[in-house]
Amino acid sequence: MRGSLLKSRWFLAALGTWALVAATPRATLAQTVHANGHMVADETWTLAGSPHIVNGTIIVDPLVTLTIEPGVVVKVSGGSLGRLRVDGTLIAEGTSGARIIFTSIKDDTVGGDSNGDGSATSPAPGDWRSVNVQELGTMSLKYVDVKYGGWGSSDTTYAAVGVADSALL
């Protein structure tokens, strides 16, 4: 557990700013943490900051674009609250050689042991909720893998990737 502290970003919704905080050191790759809150300005999740950890619900506000670079791993925690809700625009366009992966925080097979528990936990379907585009949102997904989402149900309303009914009009 030696080395420098990793930097994590989290959102201060009340102030409308991002702040850098020190995180617990882990024996894994660099990671960027996105805590529960609203994204109010365009942002790019980079391969250099991967894996990107979503703790709780991240809401991409209207008129805001979240771009995810090819090869990025996004790990989601928070069970039923673990999701990326898109009211603005999500562009997640990987390539055949650098796929974008959305998976559980418990998945150590990509992006390392992000929850720092060794082999104490393993991923399972329904570990996190969804990537979901809302009524006025848009989303472009290419070469994207989605693993272990759907929040524990075979009901199609709990799909790991969803589009609001009115967004289809």
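The values are calculated or read from the model by the stated rules, or taken from the named source; none is laboratory data. Keep in mind that what you see is a predicted model, and the values were worked out from it rather than measured. With ideal geometry, Cβ positions are generated from the backbone for all residues, glycine too; neighbour counts draw on all protein chains shown. Ligands, DNA and RNA are excluded from the accessible area calculation, which covers all protein heavy atoms including side chains. Shrake-Rupley method; radii C 1.70, N 1.55, O 1.52, S 1.80 Å.
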Check your understanding: From the residues in the range 122-144 that are at pLDDT 90 or above and open to solvent by 50 Å² or more (accessible area, probe 1.4 Å), which one is nearest to the chain's Cα centre (by Cα)?
Key -> Arg129
Check your understanding: What is the residue count in the range 44-78 for residues that are over 12 Å from the mean Cα position of the chain (by Cα) and within 15 Å of Met139 (Cβ to Cβ)?
Key -> 5
Point to revise | strands (runs of 3 or more DSSP E) fully within the range 31-104 counting 2 or more residues that are buried (at least 19 other Cβ atoms within 10 Å of the Cβ) and in contact (Cβ under 8 Å) with a residue 24 or more places away in the chain | key: 32-39, 52-60, 65-68, 73-77, 79-86, 89-93, 100-104
